[in-house]
1. Hey, residue A:336 hits all of (1) buried (at least 24 other Cβ atoms within 10 Å of the Cβ); (2) in contact with a strand residue (DSSP E or B) (Cβ under 8 Å, 6 or more places away or on another chain) but one; which does it fall short on?
2. (1) within 10 Å of chain A (Cβ to nearest Cβ); (2) in contact (Cβ under 8 Å) with a residue 24 or more places away in the chain; (3) closer than 22 Å to residue A:322 by Cβ; (4) out of contact with any strand residue (DSSP E or B) (no Cβ under 7 Å at 6 or more places or on another chain): which one isn't true of residue B:101, the others all being true?
3. Is there a residue in region B:86-97 that is within 11 Å of chain A (Cβ to nearest Cβ), in contact with a helix residue (DSSP H, G or I) (Cβ under 7 Å, 6 or more places away or on another chain), buried (at least 17 other Cβ atoms within 10 Å of the Cβ) and over 17 Å from residue B:123 (Cβ atoms)?
4. Strands (runs of 3 or more DSSP E) wholly in region A:1-110 with at least 3 residues that are modelled with pLDDT under 90, within 14 Å of chain B (Cβ to nearest Cβ) and touching a strand residue (DSSP E or B) at 6+ places or on another chain (Cβ under 8 Å) - which ones?
5. Restricting attention to region B:52-63, report how many residues are in contact (Cβ under 8 Å) with a residue 40 or more places away in the chain, surrounded by fewer than 22 Cβ atoms within 10 Å (Cβ to Cβ) and on the phi < 0 side of the Ramachandran plot.
6. Kindly indicate whether residue A:213 is in contact (Cβ under 8 Å) with a residue 12 or more places away in the chain, closer than 24 Å to residue A:56 by Cβ and within 14 Å of chain B (Cβ to nearest Cβ).
7. Is it fair to say residue A:221 is without any contact (Cβ under 8 Å) to a residue 24 or more places away in the chain, crowded, with 17+ Cβ neighbours inside 10 Å and within 28 Å of residue A:70 (Cα to Cα)?
8. Pairs only if they're at least six apart or on different chains, beta carbon under 7 angstrom, first in region A:278-294 and within 14 Å of chain B (Cβ to nearest Cβ), second part of a loop (DSSP other than H, G, I, E, B) and surrounded by 13 or more Cβ atoms within 10 Å (Cβ to Cβ); list them, first residue then second.
């Protein structure tokens, strides 16, 4: 049996939407194959014909969720090429928005995980609270999605006392609710039972297949660009790298919840130690011919830019590798030996920026060659049906 | 492990195979090797230096040749291995046997630059549409996009 998952060719969130062909034997997946490029927009080619400033807004539109990640990664590379150092306050605000974005992305993912596991009230609660983060981002930048807060040499918008107070007040609400979700997870055996053991990726496989981000850290590898290769002000901020060693979807959930809680601490630190001064410096129009590698820990994992300048107003080459592409090889490994019903959950667990699209799945019977199209919501129902009669583990421990 | 130690170790183990090694910024290393010594260098990086994470592979069109950059990373440093291949004969060995996670990046390289990666486990196209005309490699500098003329169905001939 073969089946194919075309995911939203016009979905704005992904740079590389994915075609998946899965070979199954009964319920068990034997092989999986990828076909990318449905939404390949040729941004790398396009970037070569735009100026350094125009490219900030182009890179921002690679992703609709981690838009700030892409611009930060880009501008901090360009700042190195232009040999300028942004002022401290600018870097603090840049880091603040980055951490808010991480919270909003992880809360979004947590909701999706709840939804895919059939825990829809969890999904709605979490997404309600995600609105608080979105509101904070709106007060900072004026936008909910593309914040456009970065510029070469600093940030574009300053914070005032009232905004700092608003963020700190909202953070209190968020922290209280996140603690509540953490406890809810501990006492919700069906949720834990659904996630545990699904999408297994051993530590060795995670390393050899070059997985990134929470997927890698959930397999017990403490790799975090913020710690390994500190950019912006992460060398001044105290925080811990969150890992789990269960190597499954439960581990990935745990890592993300821990990271949310860690991000609240980082934001509090940033706001309480916000230095005074300017937020940006003037940048020259042309950098010297040079090259730079810029790395960034996006909510989904390591984001890397290779930027090469040739002394003109336009870049010679910009190479972008978004974290989701880094995780595809590992996803194929996770899918193998899994169940069809686990596909949405495993796939959602790498957080491929897909939250809302109705996704159609064509199932082809290998023996008869028959093909039928199954919408993703039917597949999700079968996923819930599968776990409906599963033995409930009472008092299971949430490994936080 | 700091950058200087890495540079010394590279010169010690790979000797004259290292064509150039630079350290333009803290935690950033660039090493150039000939394409024939690429696999040996990757093997050395992975087995002896612990760079098992390949971030990505970048290709750059230099006009007469292509430059290929392998961006490796570990917990201390980002190490870039670079090599150059000629435009007339763009052949590159696959590193998938050593780094299985490189497969998608090598497939991307094949399509975007028209480079033939030898011994690649899976040479199928990855990103471009199925009806993409052969011999068009978008990230080459001499490739220009031309929008096809718009045809209005039922319009004037």
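The values are calculated or read from the model by the stated rules, or taken from the named source; none is laboratory data. Not measured: the values here are computed from a predicted model. Quick reminder, even Gly has a Cβ in these numbers, built from the backbone with ideal geometry, and neighbours come from all protein chains shown.
1. Status for residue A:336: all satisfied but (1).
2. (4)
3. Checking region B:86-97: not a single residue is within 11 Å of chain A (Cβ to nearest Cβ), in contact with a helix residue (DSSP H, G or I) (Cβ under 7 Å, 6 or more places away or on another chain), buried (at least 17 other Cβ atoms within 10 Å of the Cβ) and over 17 Å from residue B:123 (Cβ atoms).
4. Once the strands (runs of 3 or more DSSP E) in region A:1-110 are filtered for at least 3 residues that are modelled with pLDDT under 90, within 14 Å of chain B (Cβ to nearest Cβ) and touching a strand residue (DSSP E or B) at 6+ places or on another chain (Cβ under 8 Å), what remains is A:18-25, A:28-36.
5. Looking only at that region, the number is 2.
6. yes
7. yes
8. Short answer, once both residue conditions are applied: A:289/A:310.
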